[in-house]
Amino acid sequence: MEIIQVVHVLNFFCILHLTASDESTSAHVIASDLLEEGKLNFRQIVNQCGFECDVHEVVTQDGYVLTLFHIPGDKTRPVFLLSGNFGSADDYIARANISLPIILAKAGYDVWVGNWRGCKYGRRHLTLDPDRDRDQFWNFSFHEYGLYDVPANIDYVLNKTESKQLACIAWSMGTTAFYVLGTLRPEYNDKVSVLISLAPIGTLHHSVPLQHMIVMFPLLNAFWEITDTQEMYGENSTFVTVLRYVCRSKELGYELCMKGWIFDSFGADPKNLEREFTPVMFSHFPSSISTKAMRHMAQVVMAKRLVQYDYGPTENFERYGSAEAPSYELERNDMRVVLVSGKNDVISTLPDVELLKASLANVAEHVLLKPAEFSHFDFAYGRSSHKVLYKTHILGFLKKYFSVNEEE
């Protein structure tokens with residue numbers, strides 16, 4: 001989930017703001033009968049699917065408190081899931097009985113679904129308040145996801161299950177966090193039996209939508225600086241309240257939010273992201289994120305390589321010993337990785353995935369899903385993903401690489 005979304009949302013919400021000034025017009029256009037399913041949280045949806053769901057708290061090395069959801073299963077087969085930018089654990093459960101966590105639970109796996117700092121389930125800290133201590137709390141990007149959040153979750157799951165290894169599944173920017181982890185903290189490579197990377201993100205410069213929209217990023221960055229904005233999509237913000245109101249409405253939601261935002265920015269697949277599902281999806285997505293994380297992603301797009309955060313020449317020299325921000329040394333990451341791509345994914349493009357594949361030390365396989373329409377959002381939200389991806393490829397990967405792990 002990347003920068004392009006922000007620009008699209010800003011565009012149509014500028015129009016919305018003008019329309020909303022006429023109360024009679026907005027009241028007539030926007031429907032208020034929202035689907036009840038979209039109001040449920042992760043645990044409630046799992047319970048409705050007939051499974052238990054435990055809620056745990058994971059504290060990172062630097063004090064962030066992250067919610068970790070657990071669907072109990074075979075403790076010898078723990079699987080950890082992580083979503084992407086603007087995401088949370090809710091992304092994986094929105095399809096209820098045909099969602100990935102439920103498919104894994106039905107197959108007997110011990111399922112753990114994590115969150116990272118700043119999202120709706122990670123907006124807490126031992127000493128910092130996200131509203132009062134904004135400069136400190138929101139001072140993170142995907143670098144900290146990989147350096148602190150992912151290892152804290154891995155250690156917690158391994159401790160609870162008394163296992164030496166676990167399997168991991170990540171989507172979009174969640175995959176990047178694992179690449180950062182294996183590079184900066186290579187001792188974790190042996191703790192992961194396999195990382196199933198859905199829509200993997202390394203470089204982004206072959207993404208046409210991002211290349212088109214990156215030219216507008218200086219304006220967006222200037223807006224953040226002028227308004228002293230550290231958090232985007234805060235759950236209780238006026239912006240998100242209006243966004244959910246619009247995107248969950250029957251009249252405007254599908255046309256403005258799904259077709260005009262998601263399809264334009266991430267690849268269109270109307271059969272798998274259907275009109276009826278739109279209110280449910282936008283009840284869970286997007287979740288909050290730091291503007292620093294967005295700046296870091298913009299830097300990756302412009303640098304045409306996976307670079308560490310660029311603080312400017314002076315601070316770069318103090319931090320890195322050079323005026324330029326260095327690239328992550330992905331060759332140090334020898335975690336066993338399975339890459340999974342969609343033909344219609346305009347964010348995680350095939351040329352960029354090939355570059356990533358050449359950089360990582362231990363890519364077991366790279367699978368290109370057959371449906372021509374399979375797009376970036378289908379990996380978590382697609383109506384047919386349980387048939388196309390979850391029950392076929394993912395269960396196959398887990399069976400194959402947990403078996404390899406046991407033999408070793």
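The values are calculated or read from the model by the stated rules, or taken from the named source; none is laboratory data. Computed from a predicted structure; not experimentally measured. Cβ coordinates were reconstructed from backbone atoms using ideal geometry, including for glycine residues, and neighbour counts include every protein chain displayed.
Annotations for the structure displayed:
- The listed residue being acidic (Asp, Glu) and within 20 Å of Pro286 (Cβ to Cβ), out of Glu225, Glu235, Glu162, Glu187: Glu235
- Considering residues of the range 57-70 that are of a type outside the set (Ser, Thr, Tyr) and farther than 15 Å from Ile93 by Cβ only, the residue surrounded by the fewest Cβ atoms within 10 Å (Cβ to Cβ): Glu57
- Considering the range 290-314, the residues that are aliphatic (A, V, I, L, M) and closer than 16 Å to Glu225 by Cα include one that is surrounded by the most Cβ atoms within 10 Å (Cβ to Cβ), namely Ala293.
Conditions tested, residue by residue: (1) modelled with pLDDT under 95; (2) among the basic types (Lys, Arg); (3) surrounded by 18 or more Cβ atoms within 10 Å (Cβ to Cβ); (4) out of contact with any helix residue (DSSP H, G or I) (no Cβ under 8 Å at 6 or more places or on another chain).
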position	(1), (2), (3), (4)
Asp110	no, no, yes, no
Gly114	no, no, yes, no
Tyr121	no, no, yes, no
His125	no, no, yes, no
Asp129	no, no, no, no
Asp133	no, no, no, yes
Gln136	no, no, no, yes
Phe140	no, no, yes, no
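- Candidates Lys120, Lys106 - the one that is out of contact with any strand residue (DSSP E or B) (no Cβ under 6 Å at 6 or more places or on another chain) and touching a residue at least 12 places away in the same chain (Cβ under 8 Å): Lys120
- Selection status of Pro186, at pLDDT 95 or above, crowded, with 21+ Cβ neighbours inside 10 Å and within 28 Å of Glu354 (Cβ to Cβ): no
- Remark: pairs (first residue in the range 45-59, modelled with pLDDT under 95; second residue among the polar types (S, T, N, Q); Cβ separation under 7 Å; 6+ apart in sequence or on different chains) are absent.
- Condition met for Asp264 (under 22 Å from the mean Cα position of the chain (by Cα) and either surrounded by 17 or more Cβ atoms within 10 Å (Cβ to Cβ) or outside any helix (DSSP H, G or I) (or both)): no
- Within the range 71-94, the residues that satisfy the criterion of being buried (at least 24 other Cβ atoms within 10 Å of the Cβ) and not in a strand (DSSP E or B) are Ser83, Gly84, Asn85, Gly87, Ser88, Ala89, Asp90, Asp91, Tyr92, Ile93.
- For the range 137-167, filtered to residues that are among the β-branched types (Val, Ile, Thr) and in contact with a strand residue (DSSP E or B) (Cβ under 6 Å, 6 or more places away or on another chain), the residue that is nearest to Glu57 (Cα to Cα) is Val157.
- From Lys160, Lys164, residue being assigned to a loop (DSSP other than H, G, I, E, B), among the basic types (Lys, Arg) and surrounded by fewer than 20 Cβ atoms within 10 Å (Cβ to Cβ): Lys164
- Among the residues making up the range 252-301, those that are out of contact with any strand residue (DSSP E or B) (no Cβ under 7 Å at 6 or more places or on another chain), of a type outside the set (A, V, I, L, M) and more than 27 Å from Ile98 (Cβ to Cβ) are Lys292, Arg295, His296.
- Of the listed requirements (1) assigned to a loop (DSSP other than H, G, I, E, B); (2) surrounded by 22 or more Cβ atoms within 10 Å (Cβ to Cβ), Leu104 misses just one: (1).
- Evaluation of Thr314 against (1) of a type outside the set (Lys, Arg); (2) in contact with a Pro (Cβ under 9 Å, 6 or more places away or on another chain); (3) without any contact (Cβ under 8 Å) to a residue 40 or more places away in the chain (one fails), failing number: (2)
- A single member of Val340, Val367 is in contact (Cβ under 8 Å) with a residue 24 or more places away in the chain, more than 24 Å from Asn97 (Cα to Cα), in contact with a helix residue (DSSP H, G or I) (Cβ under 7 Å, 6 or more places away or on another chain) and not in a helix (DSSP H, G or I), and it is Val367.
- Within the range 124-139, the set of residues being part of a loop (DSSP other than H, G, I, E, B) and of a type in the set (Phe, Trp, Tyr) comprises Trp138 only.
- Neighbours by Cβ (under 9 Å, 6+ apart or cross-chain): first from the range 282-294, under 17 Å from Ser172 (Cβ atoms) and in contact (Cβ under 8 Å) with a residue 40 or more places away in the chain; second in a helix (DSSP H, G or I) and among the acidic types (Asp, Glu): His284/Asp90; His284/Asp91; Phe285/Asp90; Phe285/Asp91; Ser287/Asp90; Ser287/Asp91; Ala293/Glu144
- Candidate set: the range 131-145, residues that are out of contact with any Lys or Arg (no Cβ under 8 Å at 6 or more places or on another chain) and touching a residue at least 24 places away in the same chain (Cβ under 8 Å); chosen: the one nearest to Glu329 (Cα to Cα): His143
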